[in-house]
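**Q** Structure provided below as structure tokens; questions to follow.
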Amino acid sequence: MICFNLLLLALVSLTTSTDLSTLPDLLKNISADVFTSLKSIAQDIYAHPETSTREFHAHDSVVNYFTTIKPGLWDVTPHAYGQPTAFELSFVNKPIGFSGPEDEIPIVGFMAEYDALLGIGHACGHNHIILNGLTAASMAREALIKLDIPGTIKVMGTPDEENTGGKGRLRDAGAFDGVDVWMMAHPTNANAVQPMQGRVDAQANFVGSTHADAVRTAYEALVLVTDLAASLPGTASTATPVEDVGMFAINVVAQEILFGIAGLSLQDVNSTIIGLLDDTYVGPYKDPLITINHLISVNP
């Protein structure tokens, strides 16, 4: 409810006669009308979990619903921005009497995730995230119509959140351009409205002429990461090469290095990461435009 009030208050700034006193009851009525059928989509996605970049059932379920079962509500773009399992929904409300140009109408976007974890399913609740995104956008759409508020609503179906950086590829393709604010609801243990942060993930391969050489190279990298922890920029930055396993840590080669840089822009994070790589590293991080979840090979 807080999000809707903030959203509609922002959109209503273009008008002078809109009365929002009925908004809470209006949203309850809209929710009762749209939620049940959208919930069935989320339940179906939960029953058919698909891992990153393979969310074809989820994609087709949404596209089919808004093109066949409920056509005409949205402009529907399947396989959006060159991503086989991304979709986009778009709606523009330009009330009679609105004289301003369409490009001055505020645009609010809702993101929807729907990929699952391998062997686990929807442990992160992405079936709920897509439900929240579709429901919030549908409620906002109806509210704009009923309250005669000019505004554009977009829904961006964002596949591949868990693995290789689907949002990064969508961003590079321009999917998020021109939108005033993007919103997403994530399951948590408290109600909050807050900005969200991106993350840069990398997976390093250590190779050598022998197994011993590869292990030695890996351990040397772990030591380097540990030493970085106190010198990274930003706030709450971390570098954790191995889990805390006590006396057995020396015998563990980490499968995952947790490397967090907080409190900086994405550009500053990228420049920091690139600055840490020397000539022994090959991979897309040498290109500053490639930022999220790419494979880096490390050669001794």
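**Q** Listed residues Thr85, Thr36, Thr51; which is of a type in the set (Val, Ile, Thr), more than 25 Å from Arg169 (Cα to Cα) and at pLDDT 85 or above?
**A** Thr36
**Q** Right, another one. Starting from residues that are touching a strand residue (DSSP E or B) at 6+ places or on another chain (Cβ under 8 Å) and either basic (Lys, Arg) or open to solvent by less than 30 Å² (accessible area, probe 1.4 Å) (or both), keep the ones in segment 169-178 and report whichever is modelled with the highest pLDDT. Before you say what the answer is, go through the steps one by one.
**A** Filtering segment 169-178 for residues touching a strand residue (DSSP E or B) at 6+ places or on another chain (Cβ under 8 Å) gives 170, 175-176, 178.
So of that shortlist, the ones also either basic (Lys, Arg) or open to solvent by less than 30 Å² (accessible area, probe 1.4 Å) (or both) come out as 170, 175.
Values: Leu170: 93, Ala175: 96.
Within segment 169-178, the match that is modelled with the highest pLDDT is Ala175.
**Q** Here is a follow-up. So the check is Cβ under 6 Å with 6+ separation or different chains; which pairs have a first residue in segment 33-49 that's free of Cβ contacts under 8 Å to residues at least 12 places away in the same chain and a second one that's open to solvent by 20 Å² or more (accessible area, probe 1.4 Å) and assigned to a helix (DSSP H, G or I)?
**A** His48/His57
**Q** List the residue pairs whose Cβ atoms are under 6 Å apart, where the first residue sits in segment 146-169 and is touching a residue at least 60 places away in the same chain (Cβ under 8 Å), the second is among the charged types (D, E, K, R) and part of a helix (DSSP H, G or I), and the two are 6 or more positions apart or on different chains.
**A** Ile153/Arg141; Thr158/Lys167
**Q** Does at least one position in segment 179-189 carry a residue that is among the hydroxyl-bearing types (Ser, Thr, Tyr), assigned to a loop (DSSP other than H, G, I, E, B) and open to solvent by 20 Å² or more (accessible area, probe 1.4 Å)? Please lay out each step first, then the result.
**A** Looking only at segment 179-189, we keep the residues that are among the hydroxyl-bearing types (Ser, Thr, Tyr), and these are 188.
The next check asks that each one be assigned to a loop (DSSP other than H, G, I, E, B); those that pass are 188.
So of that shortlist, the ones also open to solvent by 20 Å² or more (accessible area, probe 1.4 Å) come out as 188.
Yes; the residues of segment 179-189 include at least one that is among the hydroxyl-bearing types (Ser, Thr, Tyr), assigned to a loop (DSSP other than H, G, I, E, B) and open to solvent by 20 Å² or more (accessible area, probe 1.4 Å).
**Q** Within segment 155-168, which residues are open to solvent by 10 Å² or more (accessible area, probe 1.4 Å) and within 30 Å of Asp19 (Cα to Cα)?
**A** If the condition is that a residue be open to solvent by 10 Å² or more (accessible area, probe 1.4 Å) and within 30 Å of Asp19 (Cα to Cα), then no residue fits.
The values are calculated or read from the model by the stated rules, or taken from the named source; none is laboratory data. Just so it is clear, the model here is predicted, and its values are computed rather than measured. Here the Cβ is made from the backbone with ideal geometry for all residues, glycine too, and neighbour counts use every protein chain on show. In case anyone asks, the SASA skips ligands and DNA or RNA and just uses the protein heavy atoms, side chains included. Shrake-Rupley method; radii C 1.70, N 1.55, O 1.52, S 1.80 Å.
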